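A.B. asks: Structure provided below as structure tokens; questions to follow.
The values are calculated or read from the model by the stated rules, or taken from the named source; none is laboratory data. Since the structure is predicted, the reported quantities are computational estimates derived from the model, not experimental observations. Cβ: placed from backbone, ideal geometry, glycine included. Neighbour counts: every protein chain shown.
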């Protein structure tokens with residue numbers, strides 16, 4: 001988890017909203033309340049729910065519990081974080097080395113998930129970034145620079161589709177995430193449509209996303225014994 005924190009700090013800058021850790025010891029009651037009042041507004045919100053027997057009654061309840069904003073009130077400003085690419089290095093005196101390499105990812109969640117499976121078992125993806133992590137820098141470089149073949153993409157599509165469908169059975173939280181993503185992208189939701197959306201991802205889309213990934217700036221995170229980890233510019237030259 002600490003390595004993932006550092007990946008985001010490297011990708012977006014430690015002072016940006018996405019570059020800061022979700023975990024902090026300096027949080028207080030007033031600061032959390034202030035954050036909630038600034039950030040959680042009804043403007044542009046999407047509500048996804050499962051297991052609703054009476055849809056009309058549920059809609060009425062939502063309208064009563066979440067009234068329209070007060071006329072004249074201004075929504076909280078939207079804070080955005082721009083992908084910049086950089087490095088974050090933390091030495092903890094241990095004998096282990098953990099390295100993560102990330103790049104700017106495709107905007108399509110489906111293509112992102114397929115590309116993640118193309119990069120191997122240690123790949124990860126989050127909105128906006130995609131990469132790999134390990135203790136072996138050469139292995140990471142090989143995983144990144146090996147262009148996915150047609151066969152690899154086909155297997156990755158099947159794995160990504162299975163992962164997405166399996167997530168629907170992991171509880172209401174995963175199902176709500178899947179519904180929200182589907183509604184935002186296609187204004188509807190069904191398991192069949194979810195599967196078809198992965199089937200529709202083409203080899204050209206994945207290949208184009210892979211090429212665009214390599215052209216973006218590298219984000220490097222190194223945690224642990226970092227004495228032998230080359231600096232950002234040296235590693236980035238491997239992908240030029």
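A.B. asks: From the residues in the stretch 47-94 that are assigned to a loop (DSSP other than H, G, I, E, B) and in contact with a strand residue (DSSP E or B) (Cβ under 8 Å, 6 or more places away or on another chain), which one is modelled with the lowest pLDDT? Spell out the reasoning first.
C.D. replies: Of the stretch 47-94, the ones assigned to a loop (DSSP other than H, G, I, E, B) are 47-54, 66-86, 92-94.
Filter once more, keeping what is in contact with a strand residue (DSSP E or B) (Cβ under 8 Å, 6 or more places away or on another chain): 83, 85-86, 92, 94.
Numbers: 83: 93, 85: 94, 86: 94, 92: 81, 94: 78.
This residue is 94.
A.B. asks: What number of residues within the stretch 134-171 are touching a strand residue (DSSP E or B) at 6+ places or on another chain (Cβ under 7 Å) and farther than 22 Å from residue 218 by Cβ?
C.D. replies: Final tally of qualifying residues: 0.
A.B. asks: Return the residues of the stretch 184-208 that are modelled with pLDDT under 90 and within 18 Å of the chain's Cα centre (by Cα); say none if nothing qualifies. If you could, list the steps in order and put the result at the bottom.
C.D. replies: Step one: filter the stretch 184-208 for residues modelled with pLDDT under 90, giving 184-197.
Residues satisfying the conditions are 184, 185.
A.B. asks: Can you confirm whether residue 6 is surrounded by fewer than 10 Cβ atoms within 10 Å (Cβ to Cβ), closer than 30 Å to residue 107 by Cα and at pLDDT 75 or above?
C.D. replies: Working: surrounded by fewer than 10 Cβ atoms within 10 Å (Cβ to Cβ): no; closer than 30 Å to residue 107 by Cα: yes; at pLDDT 75 or above: yes.
For residue 6, the condition - surrounded by fewer than 10 Cβ atoms within 10 Å (Cβ to Cβ), closer than 30 Å to residue 107 by Cα and at pLDDT 75 or above - is not met.
A.B. asks: Determine whether residue 212 is modelled with pLDDT of 95 or more, more than 30 Å from residue 82 (Cβ to Cβ) and either outside any loop (DSSP other than H, G, I, E, B) or over 21 Å from the mean Cα position of the chain (by Cα) (or both). Steps first, answer last, please.
C.D. replies: On the way: modelled with pLDDT of 95 or more: yes; more than 30 Å from residue 82 (Cβ to Cβ): no; either outside any loop (DSSP other than H, G, I, E, B) or over 21 Å from the mean Cα position of the chain (by Cα) (or both): yes.
It is false that residue 212 is modelled with pLDDT of 95 or more, more than 30 Å from residue 82 (Cβ to Cβ) and either outside any loop (DSSP other than H, G, I, E, B) or over 21 Å from the mean Cα position of the chain (by Cα) (or both).
A.B. asks: If I filter the stretch 228-240 down to residues being touching a residue at least 24 places away in the same chain (Cβ under 8 Å) and in a loop (DSSP other than H, G, I, E, B), which single residue comes out as surrounded by the fewest Cβ atoms within 10 Å (Cβ to Cβ)?
C.D. replies: Once the filter is applied, the top-ranked residue is 228.
A.B. asks: Would you confirm whether any residue within the stretch 107-114 is modelled with pLDDT of 75 or more and assigned to a loop (DSSP other than H, G, I, E, B)? Even if it seems obvious, please write down each step before you answer.
C.D. replies: Our first condition is that a residue be modelled with pLDDT of 75 or more; within the stretch 107-114, this holds for 107-114.
After this cut, where a residue has to be assigned to a loop (DSSP other than H, G, I, E, B) as well, the list is 107-108.
Yes; the residues of the stretch 107-114 include at least one that is modelled with pLDDT of 75 or more and assigned to a loop (DSSP other than H, G, I, E, B).
A.B. asks: Mind listing whichever residues of the stretch 138-164 are under 13 Å from residue 214 (Cβ atoms) and either touching a helix residue (DSSP H, G or I) at 6+ places or on another chain (Cβ under 8 Å) or not in a loop (DSSP other than H, G, I, E, B) (or both)? Give the derivation first.
C.D. replies: First pass over the stretch 138-164, keeping only residues under 13 Å from residue 214 (Cβ atoms): 141, 143-148.
Hits for the stretch 138-164 are 141, 143, 144, 145, 147, 148.
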